[in-house]
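Coordinate-derived values only; no laboratory data. The structure displayed is predicted, hence computed values, not measured ones. Here Cβ is always computed from backbone atoms with ideal geometry, including for glycine, and neighbour counts include all displayed protein chains.
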Amino acid sequence: MIRRGSRGALWLYLLVWLAMPGLAGAEEWSQKYINSLPDSAFASVEMTPEGKKIRHLPHHDHTGALDLPHLLNALARHSQVTWVDPLSAPAPARQHLLAHMQAVREERLARIRIGLPVDLNRATAEELSELPFIGPARAFAILEERERRRRFQFVEELKEVIGIGPIIFDAIKDLVTIGQP
């Protein structure tokens with residue numbers, strides 16, 4: 001079984017891309033399209049000492065709308081960026097991306113139709129899939145892991161579920177619990 005972190009950020013992005021509802025069909029952006037985006041579509045815009053503009057981590061489309069697959073991609077690739085100013089540029093860019101993740105989480109929580117927190121040892125696939133960033137594929141993976149373990153002992157064991165990396169775990173850890181047997 002492949003575990004979280006075994007292939008780094010690229011693996012996390014691939015799992016997220018495949019498992020999130022509605023994301024498997026996300027279109028890859030061409031370099032021409034990325035070049036046409038306004039600076040506001042990027043997490044960070046830096047200037048080199050020569051005056052060249054370098055834009056990092058696009059995550060808004062040409063209309064200004066947040067593009068969730070590209071937001072997740074940007075978060076996964078944040079540590080791989082070569083920054084012009086490595087002392088001050090990475091932190092604000094990461095905070096910007098995490099603020100978007102928090103907004104998506106809150107928006108999805110507003111639509112949720114289940115009682116919170118969700119008991120990981122009793123929840124159905126449908127209940128789990130209502131959690132932000134989970135969906136049917138991750139819900140099924142959680143149920144498989146629960147069956148493999150016989151039951152979850154700690155919420156942190158979710159980190160061992162395929163498709164749940166640190167970003168998604170942070171988004172749901174306060175929404176789940178481990179009930180008594």
Task: 5 angstrom amide H check on Asp119, placed H, neighbours 5+ away - done: Thr177
Open item on the list: For Lys53, give me every one of the lysines with a C-alpha distance below 25 angstrom, ignoring sequence neighbours fewer than eight places off in its own chain.
Closed with: Lys32
Task: Total formal charge among the other residues, if their Cβ is under 11 angstrom from that of Pro69, Lys/Arg +1 and Asp/Glu -1 - done: -4
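Within the chain, which DSSP H helices have Cα atoms that stretch 18 Å or more along the helix axis and a mean Kyte-Doolittle hydropathy of at least -1.0? Each step should come with its number before you reach the end.
Working: long enough: 90-111 (32 Å, -0.69); 135-149 (21 Å, -0.93).
Result, helices passing both filters: 90-111, 135-149.
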Task: Proximal aspartates and glutamates to Lys159, defined as alpha-carbon separation beneath 19 angstrom and excluding residues fewer than eight positions away on the same chain - done: Asp119, Glu127, Glu130, Glu144, Glu145, Glu147, Asp170, Asp174
- [ ] Classify the chain as rounded, prolate or oblate, taking a ≥ b ≥ c as the square roots of the eigenvalues of its Cα gyration tensor: rounded when a/c is under 1.5, otherwise prolate if a/b is larger than b/c and oblate if not.
- [x] prolate
Task: Shape call, region 118-177: gyration tensor on alpha carbons, a/c limit 1.5 - done: rounded
Open item on the list: Straight-line reach only, C-alpha to C-alpha below 19 angstrom: list the aspartates and glutamates that Lys52 could link to, leaving out same-chain residues fewer than 8 apart.
Closed with: Asp39, Asp85
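Mean residue ellipticity at 222 nm from the helices of the chain, using -39,500 (n - 2.57) per DSSP H segment of n ≥ 4 over the full residue count, to the nearest 500 deg cm²/dmol?
Rounded to the nearest 500, the figure is -13000 deg cm²/dmol.
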TODO: Beta carbons within 10 angstrom, averaged per residue: use that to sort the peptides 98-104, 38-44, highest first.
DONE: 38-44, 98-104
TODO: Pick out which of Ile168, Ile34, Ile142 has the largest mean-square fluctuation in a Gaussian network model of the chain, springs linking Cα atoms closer than 10 Å.
DONE: Ile34
